[in-house]
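Student: Below is one structure. I have some questions about it.
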C-alpha cells in the first residue's frame, strides 16, 4: 500500500451503523535505545505461549484488552489461534508474577527484516507498578536479538490514554497516522456491551 496515494477529505465523515472508528498512531525504532531504568521488580518472569496455551492466551488477552476493545483474537477458533501461537515467527509471552498471570506481549516477525509489537498490556492493578517498563525492556531485547531494520507498533485512541507517551519514552517515534473503521465488537458479542460507555454503539437499524 502506498499511503501517499490515499486522500481523505477534510471535515467530518459519518460512521456507518454497526461500526466504530479510531485514530491510529504508528511508531517505530530502527535501533535499540539506551535501556530505560527499572524499578525493583523481583519475581517477574515471561513465559512463552504455544498452541496448546490458546485458552490461557485468550483469558489474559480478554482480561487486559476488553476495556480497550481488543477483539481481533477473540473471534478466532482455538485451532486458528493455536496455529498463530505455534508459528516460530510469533513470540507471545505472558508476564507472570508470584500472584499469577499479569500481562501479555506479542512480537510478530512474519515480515522479513522487521518485528511488530502486536500486543502489549498489563492487568489493571499492575499499571504504574514498574512492570510495564520491565516488560518493555525485555520486548526490545527480544525484538533486536535477531537482525531487523525496525521494531514497530501501532496504538489508537481506544487504547490507554498514556500509551503513546509510554512508547515514546521507550524509544519509539511516531511516523504515521491513520483512521481505522471496523465492525463494533460489542454489537458482534465479542466484548461486553457496556465497554466504553462514552463511545455509544451505533447499531444497525438505529436512526
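Student: Considering only residues that are more than 21 Å from residue 169 (Cα to Cα) and in contact (Cβ under 8 Å) with a residue 24 or more places away in the chain, which ones fall in segment 90-138?
Tutor: Across segment 90-138, the qualifying residues are 91, 92, 93, 94, 96, 97, 98, 101, 102, 109, 113.
Student: Can you spot a residue in segment 62-78 that is modelled with pLDDT of 85 or more, crowded, with 18+ Cβ neighbours inside 10 Å, on the phi < 0 side of the Ramachandran plot and over 16 Å from the mean Cα position of the chain (by Cα)?
Tutor: No, there is no match, as no residue in segment 62-78 is modelled with pLDDT of 85 or more, crowded, with 18+ Cβ neighbours inside 10 Å, on the phi < 0 side of the Ramachandran plot and over 16 Å from the mean Cα position of the chain (by Cα).
Student: In addition: Taking only segment 144-170 into account, find how many residues are within 17 Å of the chain's Cα centre (by Cα) and either without any contact (Cβ under 8 Å) to a residue 60 or more places away in the chain or on the phi > 0 side of the Ramachandran plot (or both).
Tutor: Within segment 144-170, residues that are within 17 Å of the chain's Cα centre (by Cα) and either without any contact (Cβ under 8 Å) to a residue 60 or more places away in the chain or on the phi > 0 side of the Ramachandran plot (or both) number 5.
Student: Here's a follow-up. I need every pair where a residue in segment 30-53 that is over 25 Å from residue 150 (Cα atoms) has its Cβ under 8 Å from the Cβ of a residue that is part of a loop (DSSP other than H, G, I, E, B) and at pLDDT below 95, sequence separation at least 6 or different chains.
Tutor: Pairs that qualify, where the first residue is over 25 Å from residue 150 (Cα atoms) and the partner is part of a loop (DSSP other than H, G, I, E, B) and at pLDDT below 95, are 39/129; 39/130; 40/130; 41/129; 41/130; 43/98.
Here is a yes/no grid of residues against (1) in contact with a helix residue (DSSP H, G or I) (Cβ under 8 Å, 6 or more places away or on another chain); (2) surrounded by fewer than 17 Cβ atoms within 10 Å (Cβ to Cβ); (3) modelled with pLDDT of 90 or more; (4) assigned to a helix (DSSP H, G or I):
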residue: 102; (1), (2), (3), (4): yes, no, yes, no
residue: 106; (1), (2), (3), (4): no, no, yes, no
residue: 112; (1), (2), (3), (4): no, yes, yes, no
residue: 118; (1), (2), (3), (4): no, no, yes, no
residue: 135; (1), (2), (3), (4): no, no, yes, yes
residue: 201; (1), (2), (3), (4): no, no, no, no
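Student: For segment 147-189, give me the residue count where each residue is assigned to a loop (DSSP other than H, G, I, E, B), at pLDDT below 95 and surrounded by 12 or more Cβ atoms within 10 Å (Cβ to Cβ).
Tutor: 10
Student: Next question. Quick one: in segment 17-41, of everything that is at pLDDT 85 or above and more than 23 Å from residue 165 (Cβ to Cβ), which residue is surrounded by the most Cβ atoms within 10 Å (Cβ to Cβ)?
Tutor: Result: 20.
Student: Continuing with the same structure: Residues of segment 71-89 being in contact with a strand residue (DSSP E or B) (Cβ under 9 Å, 6 or more places away or on another chain) and touching a residue at least 60 places away in the same chain (Cβ under 8 Å), which ones?
Tutor: Within segment 71-89, just 71 meets the criteria.
Student: Which residue is surrounded by the fewest Cβ atoms within 10 Å (Cβ to Cβ), if the candidates are limited to segment 81-100 and must be in a loop (DSSP other than H, G, I, E, B) and at pLDDT 95 or above?
Tutor: Ranking the qualifying residues of segment 81-100, first place goes to 88.
Student: Also: Select, from 25, 41, the only residue that is in a loop (DSSP other than H, G, I, E, B) and touching a helix residue (DSSP H, G or I) at 6+ places or on another chain (Cβ under 8 Å).
Tutor: Of 25, 41, the one residue that is in a loop (DSSP other than H, G, I, E, B) and touching a helix residue (DSSP H, G or I) at 6+ places or on another chain (Cβ under 8 Å) is 41.
Student: Which ones in segment 44-66 are in contact with a helix residue (DSSP H, G or I) (Cβ under 8 Å, 6 or more places away or on another chain) and assigned to a strand (DSSP E or B)?
Tutor: Scanning segment 44-66 gives a single hit, 46.
The values are calculated or read from the model by the stated rules, or taken from the named source; none is laboratory data. Keep in mind the model is a prediction, meaning the values are calculated, not measured. Using ideal geometry, Cβ is built from the backbone for each residue, glycine included, and neighbour counts are taken over all protein chains shown.
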